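The values are calculated or read from the model by the stated rules, or taken from the named source; none is laboratory data. Not measured: the values here are computed from a predicted model. So basically every Cβ, Gly included, is an ideal-geometry build from the backbone, and we count neighbours across all protein chains shown.
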Amino acid sequence: MFTIAVHGGAGTIPRDQMDCSKQAAYEGALRDALQAGIDILKAGGSSCDAVVASVTVLEDCPLFNAGKGSVFNHEGKHEMDASLMRGDTIDAGAVSGLSQVRNPVQLAKLVMEKSEHVLLQGEGAQQFAKEMGQPFEPDAYFFDAFRYQQYQEALAAGRIQLDHTPAGDRKFSTVGAVALDSSGTLSAATSTGGMTNKKFGRVGDTPIIGAGTYANNQTCAVSCTGHGELFIRQVVAHQIHCLMLYKNLTLHEACRQVVMDDLVRIGGEGGLVAVDALGNIAMPFNSEGMYRASAHSNGQVYVGIYR
């Protein structure tokens, strides 16, 4: 038995602006990411490899704010973050403030497996990527005209913003995946380009284990998307684990409390995907929508954007 779920961010394009071709493009990208993980899990591979494969597909797709589609910071550069955690060993790896590294999630896996550390950032993370032989790309590879337009508008208005379109809809395009493999191991991975026009080396929840990503075989695996500062303050991913472990809440009960109550109480918008040790999936969000998809080994597949 295996289970997998992926997300391409919470918040979404309003229904009246989502034409058929645009919706098909998003849904197709989610299906591609899901399939990359399914192929590994079907072959008896690990949940860790599966979530990395799924997130890599999303990083390579310019529709999402991660990897190739990352937004611009205040200096007109890209600062990418990613993290990975596996639930059997509680090992984790994360990177922050990357530029030109093609797939941050793959570097996070190397931090977990090949270093003594959990989180590497900035120039040190870049150097580690070079030593590990990770592929780098020129700035032109990461350039996206729509993202650049967002950056110019934010720069002119003097604001730091989440992934907004000119129409003003809120879209948190962080990507992620969670999975349970046939051996019973849970894993979670998350990747993001952060906030448009962000300054001062701002870091959100994505590379912080327990805030944006968490996995523990006793309970669940979680990957978050939303307003990072508030997810950090609520320690969202680990909070779900704690509610399940110490209060005996089900996955759905824990996710509902954190996303629909605890986050809302402090003004936090976003969502997450999660899977528990029994293969149950939860994909709650308190925004207008969330790009999401899931699959079970029984052949059941779901892809959705809106409620």
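Here are some notes:
- Restricting L263, L272 to those that are surrounded by 22 or more Cβ atoms within 10 Å (Cβ to Cβ), touching a Cys at 6+ places or on another chain (Cβ under 6 Å) and at pLDDT 95 or above reduces the list to L272.
- Residues satisfying the criterion are absent from the range 33-47 (criterion: within 14 Å of the chain's Cα centre (by Cα) and among the hydroxyl-bearing types (S, T, Y)).
- With respect to the stated conditions, D276 fails to be more than 19 Å from A188 (Cα to Cα) and in contact (Cβ under 8 Å) with a residue 24 or more places away in the chain.
- Test result for A108, within 13 Å of the chain's Cα centre (by Cα), at pLDDT 95 or above and either under 27 Å from H296 (Cβ atoms) or surrounded by 21 or more Cβ atoms within 10 Å (Cβ to Cβ) (or both): yes
- Put simply, of H241, H252 the only residue that is surrounded by fewer than 21 Cβ atoms within 10 Å (Cβ to Cβ), out of contact with any helix residue (DSSP H, G or I) (no Cβ under 6 Å at 6 or more places or on another chain) and free of Cβ contacts under 8 Å to residues at least 60 places away in the same chain is H252.
- So I281, is it within 20 Å of the chain's Cα centre (by Cα) and either farther than 10 Å from C220 by Cβ or crowded, with 21+ Cβ neighbours inside 10 Å (or both): yes
Conditions (1) under 20 Å from G204 (Cβ atoms); (2) touching a Lys or Arg at 6+ places or on another chain (Cβ under 7 Å); (3) free of Cβ contacts under 8 Å to residues at least 24 places away in the same chain, marked per residue:
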residue	(1), (2), (3)
L107	yes, no, no
K114	no, no, yes
L119	yes, no, no
G122	yes, no, no
Y141	no, yes, no
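- Looking at T225, T206, T190, just one residue is modelled with pLDDT of 95 or more, in a loop (DSSP other than H, G, I, E, B) and under 10 Å from the mean Cα position of the chain (by Cα), and that residue is T206.
- Among residues of the range 37-52 that are surrounded by fewer than 21 Cβ atoms within 10 Å (Cβ to Cβ), those with a beta-carbon under 6 Å from a residue that is in a helix (DSSP H, G or I) and at pLDDT 95 or above at least six positions away or on a different chain give the pairs D49/I40.
- Those residues of the range 96-120 which are under 19 Å from V55 (Cβ atoms), outside any helix (DSSP H, G or I) and out of contact with any helix residue (DSSP H, G or I) (no Cβ under 6 Å at 6 or more places or on another chain), in sequence order: S96, S99, Q100, R102, V118, L119
- If you go through the range 174-187 and pick out every residue that is part of a loop (DSSP other than H, G, I, E, B) and among the hydrophobic types (A, V, I, L, M, F, W, C), you end up with 0.
- Some residue of the range 65-80 being within 23 Å of G194 (Cα to Cα) and acidic (D, E): yes
- Selection of the range 275-307 for residues being touching a Leu at 6+ places or on another chain (Cβ under 9 Å), hydroxyl-bearing (S, T, Y) and either modelled with pLDDT under 95 or not in a strand (DSSP E or B) (or both) yields only S297.
- The residues listed here are F200, F231; of these, the one that is at pLDDT below 95 and not in a strand (DSSP E or B) is F200.
- The number of residues in the range 1-42 being at pLDDT below 95, of a type in the set (D, E) and assigned to a helix (DSSP H, G or I) comes to 1.
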